[in-house]
Amino acid sequence: MENAAAQAVEAVKIYGRGETAVTALDSVDVTFQAGRFSAIMGPSGSGKSTLMHCLAGLDRLTSGKVFIGDLDLGSLDDRRLTAVRRDRVGFIFQTFNLVPTLTALENLTLPLTLAGRKPDRAWLDSVVTTLGIGDRLKHKPLELSGGQQQRVAVGRALVTRPQIIFGDEPTGNLDSRSSREVLKLLRNAVDQLGQTVVIVTHDPGAAGFADRVVFLGDGRIVDEMTDPTAERVIDRMKLD
Amino acid sequence: MFKATIKSLMAHKLRLALTALAVVLGVAFVSGTFVLTDTIKHTFNALFQQTSAGKDAVVRGVAPYGGNGNGDFNANRPLTPESLVATVRSTPGVTAADANVVGLVTLLNKSGKSVSSHAPTLAFSWLPDRKLSVLNLRRGVAPSGPDQMTIDNGTAKKQHFNIGDQVTVVGNQGPRQFTVVGITGFGSTDNLGGATVVTFDLPTVQQIAGKSGYVSEIDVSAVPGTPSATLLSAIGDRLPKGFEVVTGAEAAAQQANAVTQGLNQFNTILLVFAGIALFVGAFLIFNTFSILVGQRTRELALLRAIGASRRQINMSVLGEAAFTGLFGAAVGLGVGVGLAAGLYSLLSALGVDLPRSSLQFEARTAIVGLIVGTLVTLVSAVLPALRAGRIPPAAGLREDAVFQETSLRRRAVTGGAVFLVGALVLAVGLFASAGILAVGIGAALVFIGVAMLAPFAVKPLVSFLGRPLPALAGVTGQLGRENAVRNPRRTAATASALMVGLALVAAIATLGQSATASFNGLFDQSVKADYVLSAGGFTTVAPAAEGTLAAVPGITAVSGLSQAEWHLGRVGKQVTGIDPVAGPQVMTLDMVSGSAAALGRGEVLIDSTVAKNDHYRVGQVLPMGFVATGVRPVVIGGTFKTNQFLGNYVISSQLLAANVNQVRDQLIALRSAQVGPQMTAALQNALHSYGNVKVQTAAQFKSDQKKQLGTILAIVYALLGLSIVIALIGVVNTLALSVMERTREIGLLRAVGMQRRQLKRTIRSESLLVSVMGAILGLVLGTGLGVAVVSALGTSFITTIAIPVTTIVVVLILSAIFGVGAAVWPARRAAKLDVLEAIYTI
Ligand SMILES: Nc1ncnc2c1ncn2[C@@H]1O[C@H](COP(=O)(O)OP(=O)(O)O)[C@@H](O)[C@H]1O
Ligand SMILES: [Mg+2]
């Protein structure tokens, strides 16, 4: 249990009430270790996004607990929870990650600016170098390709050196080349920058980049795999 | 397509509600004005009909220049000799004929002050035949003899007058004591629209408010069943030339008309402000429909793709506008009625005792309201509708189908052209005196032109104004600024609505400031008096006060200034009467030709510019037509340099008195050996029993006049207030729509850690910038407009151009505050958005 970056304990999330109630998370217990790259997989509607949103402080559980580090998110009001998202968590959405009126650089440093903090020059430089978009920093999102936009989003998730970075199908909208580059970036973030990354993906190839895969089905953890390869993941998926 | 329109209306009902609100307010202003004035008119008509029921005929002098023009009852027709009463009375068929006298006096209350500082006190003769009188006795007895009078119940109640009280009435000869013997009503009400009414017996009222031997009119009642035509011709046959007989109903209708004359002007003024409010509303409507069309680009493109024609799309948007307009107008009509009812009660509460009457909602009010409301909405939606029709079917396939800036160049050209044409029309209206309508149309075109050009100013202006924001409010300020320049057309249209209202404020303020600044100089040039005495509001001073003042030790010259209307042919003009000796000592009469002494010979002095333009020479005879006495040949005795306080024609007060029904002084000007508290006290003491005279040194008078100008300005600002409110609703509306449009972005910002507080601040920054931009455009434009108007008026009472710096700064600060205020609701909505729902909105 030591060094958990994020953790869910008996996490239950029920949408709606009565007849139409949907149990998206059905008593999920899961821990994501710091300094590792994890993937969450599972069929559509199995609760992957819900789990990720609840872990990242974007949504609240119906019952159970989620922790970022040892901070219980359930006990926080909106202001504190927002600050957690800003300072301790990085989040990469599938699309529409950037504010259209801000430049790439401004988007990248947005969490810091919102916190009223100055970016750490050295860290920022290393992030920008890793992203490889040094020449596009002054551009507005509309002038960037999809891959470049996602890389800026990765940069924004990294810039605060958060405790954990979540990505909900961060490469879901990209061609395979861009997709591969973004995954490499995330891998680098873990290996070279010491970050913790959790992504949701449907792509066994993407899962191959991870240290560990957690399989979700009908709102429960149904399986998990350490040091996965694409082939093993494909074999596991055939079981469903 | 009709179904699509309805669906769209339902889907956007919240967004359209604010649009409809602009129509509601504008139409409410229009209908409220109509209902109020119609009701007051109706009330007076009914009242006069009721009170004239017993009058079968009225004998009076023929009004030489037509009608009951100026609302002064009988001031604009010659008096009737009292001797004619007997002639009328002896006419076969006549059962009673009473001499009726109407004049103005001042009635003092128990603390020695005039009972009303703004409305006149009317003195009537008591008509012995009760059937003939407009007044009925509520208590007590009829006045008889030189020291009895009656008072209307309204005034009696307010001033606690009772039967047996001793009161002072200031009449033609000055203050005089009377005993109240009766309390009267006017039909079913206590008084006549707030005016105080006192009555005396005939000889008494002739002394204090008329002329002995003369009456205002003769009221006649006839043997029941006498045909009106028979009665009129029987009396008419006995009347000398210059007199006429009309039915009581006709006379009543004319009197009601005279009382309500002023209402028409009041009506027009209110409608002008309602028009301004609707004009501002048009910007809001235009903007909302533009935004809605923009937001529905994909949906409309889809409709096009599945076969809807361009025309059908146009009609769908226009249909939505028609519904919104009609709905807003209908609600507005209702609100207007409520508004009128409220104002009616307010007037009553302020002491204008209006008879209880049901509100008059005429068909015209409904028709005008509905048409105006719908038309304004439709016209404002035409451009957005056309734009909607031009959306290509392929636009549905692109996610980021933003508006194209293709027509920027054309917009610049059209906007510039509209601006120039407007400026031209305005200039013609102002400098070629083409009339107020040209000024209005010109100003409207200038506003539209500037609004069309405004998008070009958005980027530089907002970037400049927003420069301190990031430093002050960090990234929220920066985002607010970026959002404001994001869609320049939208920001421009929103700001433009505010611009119109504030431009008018600035223009009026410039006029007012310039008038104030000019006043000192004009006064010093025109007036030599050390003291200027005046009565408040619309009341005047009995000329008898002049004699009393002349007797005060240290006073070296006293002259009243009284004004009368006269006619040159059919053209109405004003003449001022002054004392022939003291007048030139208290007023500047800078003679160009002839001499001021001519006044004493009963001659007229003319402004030298007027004399030059009209080719008058000294010694020539000017045929001055007075309503009371007809055409008098008056010799031109001299010409003088323009004096704004004297006007174009000056005669002696004696000549004036001889040619009007009753003389009342607007002002009394004095020269005194010394000026100071002691002299002021002495003068006040001398006029103690006059009750309503303000004793002011020249300096005090000047500052008092400026204060009065300030009051008028305040009223105009209040009337413009509605337009500004509508413009602010426009800011709220645009922000709310923009927030809706940026839902996803807001979700994203919240997801990466923007606090609600910060989000609100972002929206407030945007609102602040849009409002301040509108204010700057408006203030610059309005000050320019004001300067143009002032220059056009240059030759008359405004001589200096003064920029109202304080007002401008105050308006700017208020705009900033209200701009931030306008963001409260949209910001709260934005902050309430659920982060995940927002971010997954399509
Ligand atoms: N806001 C919501 N309201 C109601 N049901 C929801 C909502 N979000 C998700 N669900 C339901 O919860 C279940 C899990 O959804 P989700 O976490 O999005 O799955 P996944 O990301 O694995 O596809 C699904 O059945 C989905 O329909
Ligand atoms: Mg999902």
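The values are calculated or read from the model by the stated rules, or taken from the named source; none is laboratory data. Not measured: the values here are computed from a predicted model. A quick note on method: Cβ atoms are made from the backbone with ideal geometry, for glycine too, and the neighbour counts reach across all protein chains shown. What goes into the accessible areas is simple: the full protein's heavy atoms, side chains included, and nothing from ligands, DNA or RNA. Shrake-Rupley method; radii C 1.70, N 1.55, O 1.52, S 1.80 Å.
Listed values, structure above:
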| quantity | calculated |
| --- | --- |
| For region B:496-540, diffusion coefficient by Stokes-Einstein and Kirkwood Rh (Cα), 25 °C, 0.890 mPa s, µm²/s | 183 µm²/s |
| Buried on assembly, region A:146-182 (at least 20 Å² less accessible surface than by itself, 1.4 Å probe) | A:ARG156 |
| Within the protein assembly as shown, percent of DSSP bridges classed antiparallel, to nearest 5 | 75 percent |
| Exposed-site-free run, longest, chain B (rule: GluC sites (Glu not before Pro); DSSP loop; at most 16 other C-beta within 10 Å) | B:406-842 |
| Gyration tensor (Cα) of region B:540-691, equivalent ellipsoid semi-axes in angstrom | 29, 17, 11 |
| Protein accessible area in region B:73-235, 1.4 Å probe - carbon and sulfur % | 57 percent |
| Average projected area [Cα convex hull, region B:779-842], square nanometres | 7.0 nm² |
| Reference-scaled alpha-carbon Rg (2.2 N^0.38 Å with N residues) for chain A | 0.99 |
| Value of relative contact order over region B:73-235, rounded to a whole percent, pairs C-alpha under 8 Å and six or more apart | 35 percent |
| Rounded FRET efficiency, nearest 0.05, which uses the C-beta distance separating B:SER111 from B:ASP147 and R0 of 22 Å | 0.55 |
| Convex hull of chain B built on C-alpha atoms - directionally averaged projected area, nm² | 41.9 nm² |
| Compactness of region B:683-842 as Cα Rg over 2.2 N^0.38 Å, two decimals | 1.63 |
| Inter-part distance where region A:81-129 and region B:621-670 are each reduced to a Cα centre, Å | 84 Å |
| Solvent-accessible surface (1.4 angstrom probe) belonging to B:TRP825, in square angstrom, nearest 10 | 100 Å² |
| Taking only Cα atoms of region A:1-58, radius of gyration then Dmax in Å | 12.7, 42 |
| Value in Å of the Kirkwood radius, where region B:440-548 supplies the Cα pairs that are averaged | 18.8 Å |
| Distance between modelled label sites at B:VAL675 and B:THR711, nm, 7 Å Cα→Cβ extension | 2.3 nm |
| Residue (of B:MET591, B:GLN620, B:TYR649) at the positive-pole extreme of region B:540-691, dipole from beta-carbon charges | B:GLN620 |
| Over region B:426-466 - Rg/Rh using Cα atoms and the Kirkwood inverse-distance radius | 1.26 |
| At R0 = 25 Å, FRET efficiency that the Cβ-Cβ distance of B:ARG601 and B:GLN644 yields, to 0.05 | 0.45 |
| Per residue accessible area in Å² of region B:73-235, where ligands, DNA and RNA are left out and the probe is 1.4 Å | 36 Å² |
| Cα-based Rg of region B:252-331 normalised by 2.2 N^0.38 Å, two decimals | 1.83 |
| Spatially proximal lysines relative to A:LYS138 (Cα-Cα < 30 Å; intrachain offsets below 8 disregarded) | A:LYS118, A:LYS184, B:LYS459, B:LYS760 |
| Solvent-accessible area buried by pairing B with A, both sides, nearest 100 square angstrom, 1.4 angstrom probe | 2300 Å² |
| DSSP bridge pairs, chain B: antiparallel proportion in percent, nearest 5 | 80 percent |
| Histogram of C-alpha separations across region B:73-235, 10 Å bin width, % | 11, 39, 33, 14, 4, 0 |
| Per residue value of the accessible surface for chain A (all protein chains in place, 1.4 Å probe), Å² | 44 Å² |
| Relative frequency of Cα-Cα separations exceeding 58 Å in the protein assembly as shown, percent | 36 percent |
| Hull shadow area, averaged, region B:142-255 [alpha-carbon convex hull, nm²] | 9.2 nm² |
| Relative contact order %, region B:540-691, counting alpha carbon pairs below 8 Å whose residues are six or more apart | 35 percent |
| Reduction of at least 20 Å² in accessible surface, 1.4 Å probe, comparing all protein chains with the chain by itself, residues of region A:49-89 | A:HIS53, A:LEU58, A:ASP78, A:ARG79, A:THR82, A:ARG85, A:ARG86 |
| DSSP bridge pairs, region B:540-691: antiparallel proportion in percent, nearest 5 | 80 percent |
| Per DSSP, loop trypsin sites (Lys or Arg not before Pro) in region B:169-274 with at most 15 further Cβ within 10 Å | B:LYS241 |
| Cα centroid separation - region B:688-720 against region B:216-250, whole Å | 46 Å |
| Relative contact order [Cα under 8 Å, 6+ residues apart], chain B, whole percent | 17 percent |
| Residue-span extension gain [B:THR556 to B:VAL824] - 0.36 nm each, minus C-alpha spacing | 89.9 nm |
| Net dipole in debye of chain B [+1 Lys, Arg Cβ; -1 Asp, Glu Cβ; about Cα centre; nearest 20] | 3500 debye |
